[in-house]
Amino acid sequence: MPDLRPISRYLTRFAHTLPHLPRALRLVSQAAPGWTIAWTILLLIKGFLPVATVFLTRPIVNGVLAAIRSGGDWRPILIPAAGMAAVLLLTELLNGAIHWVRTAQADLVQDHITSLIHGK
């Protein structure tokens, strides 16, 4: 039987930090409101890309099977394959954009917290 203690410790820590989440989100949105909105939008878009990948996988697999059975007519899979390539490229571009946004956001949050500390 697997040892569940690490998972239990993780869930316990998570439960203890959960009450602080609204305050942390408020702090981040006060420090960098535009970057927070951009980050949220990028994450939402990125969240739909796996759905698009799953949606495009079936026509590609069916097209490959049909091409093998028909002796090599690969034209029916060109559009789904191009869509899959676009989804994969968009995933990588979004990863880069999210990293860039998070870096800018983190700098602004750090500056905001420093100014709050100096204000006290």
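The values are calculated or read from the model by the stated rules, or taken from the named source; none is laboratory data. These numbers come from a predicted model, not from an experiment. Please note: Cβ atoms are built from the backbone with ideal geometry, for glycine as well, and neighbour counts cover all protein chains shown. Side chains are part of the model used for accessible areas, which takes the heavy atoms of the whole protein and leaves out ligands, DNA and RNA. Shrake-Rupley method; radii C 1.70, N 1.55, O 1.52, S 1.80 Å.
Any idea which of Val54, Val64 is assigned to a helix (DSSP H, G or I), modelled with pLDDT of 90 or more and open to solvent by 50 Å² or more (accessible area, probe 1.4 Å)?
Values: Val64 fails: open to solvent by 50 Å² or more (accessible area, probe 1.4 Å).
Going through Val54, Val64 in turn, just one is assigned to a helix (DSSP H, G or I), modelled with pLDDT of 90 or more and open to solvent by 50 Å² or more (accessible area, probe 1.4 Å): Val54.
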Per the filter on segment 1-44, residues open to solvent by less than 90 Å² (accessible area, probe 1.4 Å), touching a residue at least 24 places away in the same chain (Cβ under 8 Å) and part of a helix (DSSP H, G or I) are Leu27, Val28, Ala31, Trp35, Thr36, Ala38, Trp39, Leu42, Leu43
Ala81 passes all but one of the listed conditions (1) within 20 Å of Leu25 (Cβ to Cβ); (2) surrounded by 12 or more Cβ atoms within 10 Å (Cβ to Cβ); (3) not basic (Lys, Arg); the exception is number (1)
